[in-house]
1. Keeping to the range 79-98, report how many residues are within 24 Å of the chain's Cα centre (by Cα) and either among the hydroxyl-bearing types (Ser, Thr, Tyr) or at pLDDT 75 or above (or both).
2. Quick check on ASP63: is it in a loop (DSSP other than H, G, I, E, B) and charged (D, E, K, R)?
3. For the range 33-56, does any single residue satisfy the condition of being surrounded by fewer than 11 Cβ atoms within 10 Å (Cβ to Cβ), outside any loop (DSSP other than H, G, I, E, B), charged (D, E, K, R) and without any contact (Cβ under 8 Å) to a residue 12 or more places away in the chain?
4. With respect to the numbered conditions (1) part of a loop (DSSP other than H, G, I, E, B); (2) open to solvent by less than 100 Å² (accessible area, probe 1.4 Å), which one is the sole condition not fulfilled by ASP29?
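The values are calculated or read from the model by the stated rules, or taken from the named source; none is laboratory data. Here the structure is a predicted model, which means the values were calculated and not measured. Heads up, the Cβs are rebuilt from the backbone with ideal geometry, glycines too, and the neighbour counts pull from every protein chain shown. With ligands, DNA and RNA removed, areas are computed over all heavy atoms of the protein, side chains included. Shrake-Rupley method; radii C 1.70, N 1.55, O 1.52, S 1.80 Å.
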Amino acid sequence: MSIIHEVATLTSKDQITLPKAVRQALGVDVGAKAAFELHEDGQIVVSRADTEHEDPAIGALLDLLAGDIQAGRHVRALPDDLAQDILEHARREAGPDEDIDGDIDH
């Protein structure tokens, strides 16, 4: 059962506009990218392409750094051990059912 059912028209230039309800559900706006995945049964899954594999912690750090740069604040280099930890965690594939190592702050 679908949550949203919308219809889009294919133009003569082979383009479609994602209906507003779909854009809102995906959380995409102008300039965002959408990914289309065709399954063997003919079903097509549409998702946000730019955040599909993004680590939220890395994204938050990059947003923080971008804000500092735009505000003209001096950005210092990360300590080597922190930079190494970030790189190691960025390469790690983790799923929602995997155990978490270490302590968790609440």
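1. Of the range 79-98, the ones within 24 Å of the chain's Cα centre (by Cα) are 82-98.
Narrowing further to those that are either among the hydroxyl-bearing types (Ser, Thr, Tyr) or at pLDDT 75 or above (or both): 82-88.
The number of residues fulfilling the criteria is 7.
2. On the way: in a loop (DSSP other than H, G, I, E, B): no; charged (D, E, K, R): yes.
Against the criterion (in a loop (DSSP other than H, G, I, E, B) and charged (D, E, K, R)), ASP63 does not qualify.
3. Taking every residue of the range 33-56 in turn, at least one turns out to be surrounded by fewer than 11 Cβ atoms within 10 Å (Cβ to Cβ), outside any loop (DSSP other than H, G, I, E, B), charged (D, E, K, R) and without any contact (Cβ under 8 Å) to a residue 12 or more places away in the chain.
4. Of (1) part of a loop (DSSP other than H, G, I, E, B); (2) open to solvent by less than 100 Å² (accessible area, probe 1.4 Å), only one is false for ASP29: (2).
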